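Below is one structure, written out as structure tokens, with a few remarks after it.
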Amino acid sequence: MKHVFGTPIVDYLPTLGLLLLTVMYLVTGYGYAPEARTFPVTVAWVAIALVLLDLLSRTKTPAGEAVTRWLNPSTSAGKLEAQTHYALSKQIAAAAWPIGFVALIVLTGFLVAVPVFVMASMYFRGKRSLLISIPVSAAATLFIWFLFAQILQLELYPGVLFNP
């Protein structure tokens, strides 16, 4: 198998696919009116920076290894052997949470999806009490509403179900 920077090419494919999707999202964002493109273009540029860091961290170069140590200290020497290997079902469940969050945003919008996701993840995944989970989810939602709707004067996406 062919290697690039000490890493098999196949190890780069998921990240390159995500980079392609992110660039397409960026191009789409620049097609919006100036006031509507603020959020999607900012998110796309941040995502591109993170994807490029991920690509660099996959290389077996000094820079790639430095980025890996900086962003993921658990990869330090001696810690790799102690890492827990999770069953595929647990990995799928972990991946389902953000996918479910995105689906919830698409369907119900940010102001419904954020409190549901934060409360559910704290309660079910984090094993926190409802007494903690509900106020934290309300505070997160209030912060998002205040920042985007009040300070930045941006309309929050209402979701497919609530879009007039």
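The values are calculated or read from the model by the stated rules, or taken from the named source; none is laboratory data. For clarity, every value in this text was computed on a predicted model and none was experimentally measured. Please note: Cβ atoms are built from the backbone with ideal geometry, for glycine as well, and neighbour counts cover all protein chains shown.
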Next on the checklist: Among the residues that make up region 98-109, is at least one of them modelled with pLDDT of 85 or more, surrounded by 13 or more Cβ atoms within 10 Å (Cβ to Cβ), outside any helix (DSSP H, G or I) and touching a Pro at 6+ places or on another chain (Cβ under 7 Å)?
Outcome noted: yes
Checklist entry - Thr61: at pLDDT 85 or above and polar (S, T, N, Q), yes or no? => result yes
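Scan Gly100, Gly109, Gly6 and give me the residue that is on the phi > 0 side of the Ramachandran plot, out of contact with any strand residue (DSSP E or B) (no Cβ under 9 Å at 6 or more places or on another chain) and in the same structural domain as Asn163 (by TED's automatic domain parsing). Explain how you work it out, then say what you get.
Values: Gly100 fails: on the phi > 0 side of the Ramachandran plot; Gly6 fails: in the same structural domain as Asn163 (by TED's automatic domain parsing).
Gly109 is the lone residue from the list that is on the phi > 0 side of the Ramachandran plot, out of contact with any strand residue (DSSP E or B) (no Cβ under 9 Å at 6 or more places or on another chain) and in the same structural domain as Asn163 (by TED's automatic domain parsing).
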Checklist entry - So which pairs qualify, if the first residue must be in region 141-164 and without any contact (Cβ under 8 Å) to a residue 24 or more places away in the chain, the second must be surrounded by fewer than 11 Cβ atoms within 10 Å (Cβ to Cβ) and not acidic (Asp, Glu), the Cβ gap must be under 6 Å, and the two must be at least 6 apart or on different chains? => result none
Next on the checklist: Suppose we filter region 131-157 for residues that are touching a helix residue (DSSP H, G or I) at 6+ places or on another chain (Cβ under 8 Å) and either in a loop (DSSP other than H, G, I, E, B) or in the same structural domain as Pro40 (by TED's automatic domain parsing) (or both); how many remain?
Outcome noted: 5
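Of the residues that make up region 110-127, is at least one basic (Lys, Arg) and assigned to a helix (DSSP H, G or I)? So that I can check it myself, show each step before the final result.
The first filter runs over region 110-127 and keeps only residues basic (Lys, Arg), leaving 125, 127.
Now drop any that are not assigned to a helix (DSSP H, G or I), which leaves 125.
Yes, the conditions are met somewhere in region 110-127.
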Checklist entry - Only one of (1) exposed (fewer than 15 other Cβ atoms within 10 Å of the Cβ); (2) more than 21 Å from Glu35 (Cβ to Cβ); (3) out of contact with any helix residue (DSSP H, G or I) (no Cβ under 7 Å at 6 or more places or on another chain); (4) not aliphatic (A, V, I, L, M) is not met by Phe162, so which one is it? => result (3)
